[in-house]
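Novice: Got a structure for you, questions after.
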Amino acid sequence: MLFSVCIPVYNTSKYLEECLESVLRQTEKDYEIVLIDDGSTDDCPRICDRYAENYSNIRVIHKENEGLLMARRRGFKEAKGDYFVCIDSDDFFYDSDALKKIKCMIEQKNADLLIYEYICGSDKSYYNQTNRRISLFDMPNGYVFQNENKEKLYHKLLLGKDLNAIFVKVVSRNLMDWDEDYNKWKNELVNSLGEDLLQSLPILDAAKKVVYLKEPLYFYRWNGESISRNINPEYYYSYRAIYKRTDEYLNKWGFDNDSVSQIKQKRINMILNVLLAEIRDKKKWLEVLDSVADDEFFQELWKERNVSKISTYYQLAGNLIIKKHFLTLQIVKQSVKILSGVKKRIFKRSL
C-alpha cells in the first residue's frame, strides 16, 4: 500500500464527513484511511464507524482522550502505507488529484519527504477574499532539497511558521523516529500545542531528499474553535518544552549566532504574546506568571534578549514579570488595551 491517510478526530462532527469525502474522491486509489477517534463526545465515533462499515479501506481506532500528539502517534503506529499523509478532521483535500500528484512527484524525484502548499481560510471556495494561498518557498515546482541546501528547510522551520504544520508533509515511514517515546511530552504540551513542530524536527533531520510540490492541495480551515486559536497562558509550558527540544537541533544543524539570536527573539515574542493575552481566569494567570518568573529557562532567555528588537510594551512587561510586579503589570495591560481601543476609534473616524 502506498499511502496511509491518518486523520485524528476529536469533536469535529460538523466537518468530519466533508474531510472524509475529500479523501474518498481521490483519483489515486492506493491508500487507506486511518481514523483515530481521540475520545470524542459528539457524533464523531458514530460517523467514523459508519464510514468504516461502508468502505473496506477505512479503519477506526477508538481510544481515550490523550490529545492530538498521542492520537497522531497511534495513527502512525497502526498505519500500513509506505508514506503517511496527515489531515486534520476539520480540514480537507482541496484537489481530488492530490494523492495522484503526490505519487507522481515522489516517483519522479525518488523523494522520502514531500512538501506541498495549501489554502488557508474560512470558506472552501478557492477564489474568496478571506482565503489565501500559502506558498512555502520561492522555488519552482519539483525543487529538491538535499545535502547542504537542506539548510533552507531548517531556517524556514525554525524562523518561519508555515512549515511547522505536519499536514503539509508526506512522510516516508522510513523517516519516522519509531523508538522515541512521545509520552514524555504528552503532559507538557498544553492542548497538544506545538505537536507538529515537535514531530517535524526528526523527520526533516532524517530526510535525504525533500521535494517541493508547488500546488495547493489542502484546505486549512481557519476555525475559531480550534485549539490553536484560543490563547492560554499555560501555553508557556508548551513553548518551553518545544524550545528545549529545538535546541538539540540548533546545535546539530549548525545555526550561526545571528540566526540563533533571531530564534531566541522570536521565542520571547511568542511567550509574551500568550502571557499578555486577555484571559478570564485571573487566578490561573497569576499562578502561571509566578511560575514563569521563577523558571530558569525564561530567566536565561530574558537575559539574552536583544533590547533593540523588542517593543517597549514587551520590554516593560518582561521586566515586570521577572520582578513579580504583577499588579503593576495588570495596570499596564489595561492601559495598553484602552489606548489600543482609542486608536481604533480614531482610525475608523478618519476613514
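The values are calculated or read from the model by the stated rules, or taken from the named source; none is laboratory data. Everything numeric in this text was worked out from a predicted model, so none of it was measured. Accessible surface is based on the protein model in full, side chains and every heavy atom, while ligands, DNA and RNA are left aside. Shrake-Rupley method; radii C 1.70, N 1.55, O 1.52, S 1.80 Å.
Novice: So what are the ³J(HN,Hα) numbers for the range 56-62, from phi and the Karplus equation (6.51, -1.76, 1.60; θ = phi - 60°), rounded to whole Hz, Gly and Pro as x?
Specialist: Rounded to whole hertz, the list is 6, 9, 10, 10, 10, 10, 9.
Novice: Could you check which residue among Val85, Val336, Val34 shows the biggest mean-square fluctuation in a GNM of the chain with a 10 Å Cα cutoff?
Specialist: Evaluated over the chain, the most mobile residue of the options is Val336.
Novice: For the chain, compute the orientation-averaged projected area of the C-alpha convex hull (one quarter of its surface), in nm².
Specialist: Here the figure is 19.6 nm², rounded to one decimal.
Novice: Something else about it: How much of the DSSP bridge set in the chain is antiparallel, in percent, rounded to the nearest 5?
Specialist: Taking every DSSP beta bridge within the chain, about 35 percent pair in antiparallel fashion.
Novice: Name the long-range amide H neighbours of Asp162: under 5 Å, sequence gap of 5 or more, or other chain; modelled H, no Pro or chain starts.
Specialist: Sorted by chain and number, the residues that satisfy this come to none at all.
Novice: Taking the Cα atoms of the range 241-351, what is the range of coordinates along each of the three principal axes, in descending order and whole Å?
Specialist: Dimensions of the range 241-351 along the principal axes of its Cα atoms: 52, 37, 21 Å.
Novice: Taking only the C-alpha atoms, wrap a convex hull around the range 126-268 and report its volume per residue in Å³ as a whole number.
Specialist: So the per-residue Cα hull volume is 141 Å³.
Novice: Over the chain, what relative contact order in percent results from Cα pairs under 8 Å that are six or more residues apart?
Specialist: Relative contact order comes out at 16 percent.
Novice: Kindly report the accessible area of the chain per residue (heavy atoms of protein chains, probe 1.4 Å, no ligands, DNA or RNA), in Å².
Specialist: Per-residue value: 49 Å².
Novice: With a 1.4 Å probe and all protein chains left in place, how much of the accessible area of the chain comes from carbon and sulfur atoms, in whole percent?
Specialist: 47
Novice: A further question follows. Taking amide hydrogens as modeled 1.01 Å from N in the peptide plane, which residues meet the under 5 Å criterion relative to Trp222, leaving out close sequence neighbours?
Specialist: HN-HN under 5 Å from Trp222: Gly121, Ser122.
Novice: Also, quick follow-up: Using θ = phi - 60° and the Karplus curve 6.51 cos²θ - 1.76 cosθ + 1.60, what whole-Hz ³J(HN,Hα) does each residue of the range 187-199 get, with Gly and Pro shown as x?
Specialist: 8, 7, 8, 5, 6, 6, 4, x, 5, 6, 5, 4, 7
Novice: From the phi angles alone, apply the Karplus equation (6.51, -1.76, 1.60; θ = phi - 60°) to the range 28-44 and give each ³J(HN,Hα) in whole Hz, x where the residue is Gly or Pro.
Specialist: 7, 10, 8, 7, 10, 10, 10, 9, 10, 7, 8, x, 4, 10, 9, 8, 4
Novice: Next question. Taking springs between alpha-carbon atoms closer than 10 angstrom, which of Val168, Val307, Val144 fluctuates most in the Gaussian network model of the chain?
Specialist: Largest GNM mean-square fluctuation: Val307.
Novice: In a Gaussian network model over the chain where Cα atoms closer than 10 Å are linked, find which of Asp179, Asp82, Asp42 has the largest mean-square fluctuation.
Specialist: Result for the chain, Cα springs under 10 Å: Asp179 fluctuates most.
Novice: On a 1.4 Å probe surface of the protein chains, which of Arg59, Arg132 comes out largest in accessible area, and what is the full order?
Specialist: Descending accessible area places them as Arg132, Arg59.
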